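K.L.:
I am attaching a structure below and will ask some questions about it afterwards.
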Amino acid sequence: MDKQRLFKQLRLHEGVEKFPYKCTAGYLTIGVGRNIEERGLLDDEIDFLLDNDIEVVMNEVSVTFDWFFDLSEVRQRVVADMIFNLGLPRFKQFKNMIAALEAGDWAEAANQMMDSKWAKQVGKRAERLRDMMETDEDSSDF
């Protein structure tokens, strides 16, 4: 069988949807007929999506904050993690934290992270990121 022809045929018959929708059978579906309620995603698909999302975050941060690449690698990951979680528009509302980052005041940046609704919502994630920001260390063994 010609897999490329089947590929094109399924795109034609199923359609291509970038956003989730309910198919005619009532299942949450995305892409080319992917029933995400019953089939979900494979591990390599999850990693592919994450890799693409990280690229989006890195592109956003590199054109938005000229100070970002002056940060240490650990602090860059803190900022990228927050932008991944919040989205760039909401991250930009952390004006006092951003000012502290620009000034190199890591303790104040860490304090500003915790003085937010976000910190209450994400709990231990915020505490971990705060510690990374303040100490410039990451003791995680993933």
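The values are calculated or read from the model by the stated rules, or taken from the named source; none is laboratory data. Keep in mind the model is a prediction, meaning the values are calculated, not measured. No Cβ is skipped: glycine too gets one built from the backbone with ideal geometry, and neighbour counts run over all protein chains shown.
K.L.:
Mind telling me which of the residues Glu37, Glu45, Glu55, Glu60 ends up being at pLDDT 95 or above, within 30 Å of Glu17 (Cβ to Cβ) and more than 17 Å from the chain's Cα centre (by Cα)?
P.N.:
Among Glu37, Glu45, Glu55, Glu60, only Glu37 is at pLDDT 95 or above, within 30 Å of Glu17 (Cβ to Cβ) and more than 17 Å from the chain's Cα centre (by Cα).
K.L.:
Out of region 55-91, which residues are free of Cβ contacts under 8 Å to residues at least 12 places away in the same chain, among the small types (Gly, Ala, Ser) and part of a helix (DSSP H, G or I)?
P.N.:
Answer for region 55-91, where residues must be free of Cβ contacts under 8 Å to residues at least 12 places away in the same chain, among the small types (Gly, Ala, Ser) and part of a helix (DSSP H, G or I): just Ser62.
K.L.:
Name the residue that is surrounded by the most Cβ atoms within 10 Å (Cβ to Cβ), counting only residues in region 102-138 that are in contact (Cβ under 8 Å) with a residue 60 or more places away in the chain and out of contact with any Ser or Thr (no Cβ under 6 Å at 6 or more places or on another chain).
P.N.:
Asp138
K.L.:
Checking the condition surrounded by 13 or more Cβ atoms within 10 Å (Cβ to Cβ) and touching a Leu at 6+ places or on another chain (Cβ under 6 Å), which residue from Val78, Val61 passes?
P.N.:
Numbers: Val61 fails: touching a Leu at 6+ places or on another chain (Cβ under 6 Å).
On inspection, the qualifying residue turns out to be Val78.
K.L.:
Among the residues of region 64-75, write down those that are surrounded by 12 or more Cβ atoms within 10 Å (Cβ to Cβ) and not basic (Lys, Arg). Can you show your working first?
P.N.:
Of all residues in region 64-75, those surrounded by 12 or more Cβ atoms within 10 Å (Cβ to Cβ) come to 64-65, 67-68, 70-72, 74-75.
Matches in region 64-75: Thr64, Phe65, Trp67, Phe68, Asp70, Leu71, Ser72, Val74.
K.L.:
Would you mind stating whether Ala99 is exposed (fewer than 13 other Cβ atoms within 10 Å of the Cβ), outside the structural domain of Leu28 (by TED's automatic domain parsing) and hydrophobic (A, V, I, L, M, F, W, C)?
P.N.:
Numbers: exposed (fewer than 13 other Cβ atoms within 10 Å of the Cβ): no; outside the structural domain of Leu28 (by TED's automatic domain parsing): yes; hydrophobic (A, V, I, L, M, F, W, C): yes.
Criteria not met by Ala99.
K.L.:
Pull up region 87-142, narrow it to residues that are closer than 16 Å to Arg77 by Cα and hydroxyl-bearing (Ser, Thr, Tyr), then point me to the one that is farthest from the chain's Cα centre (by Cα).
P.N.:
Only one residue tops the list, namely Thr135.
K.L.:
Determine, yes or no, whether Asp66 is in the same structural domain as Ala126 (by TED's automatic domain parsing), on the phi < 0 side of the Ramachandran plot and under 16 Å from the mean Cα position of the chain (by Cα). Outline the logic, then answer.
P.N.:
Details: in the same structural domain as Ala126 (by TED's automatic domain parsing): yes; on the phi < 0 side of the Ramachandran plot: yes; under 16 Å from the mean Cα position of the chain (by Cα): no.
So Asp66 fails the test.
K.L.:
While we're here: Within region 34-56, does at least one residue satisfy the condition of being surrounded by 13 or more Cβ atoms within 10 Å (Cβ to Cβ), within 30 Å of Leu6 (Cα to Cα), polar (S, T, N, Q) and out of contact with any His (no Cβ under 6 Å at 6 or more places or on another chain)?
P.N.:
Yes, that holds for at least one residue.
K.L.:
Let me confirm something: among Tyr21, Tyr27, which residue is free of Cβ contacts under 8 Å to residues at least 40 places away in the same chain and surrounded by 13 or more Cβ atoms within 10 Å (Cβ to Cβ)? I'd like the intermediate steps shown before the answer.
P.N.:
On the way: Tyr21 fails: surrounded by 13 or more Cβ atoms within 10 Å (Cβ to Cβ).
On inspection, the qualifying residue turns out to be Tyr27.
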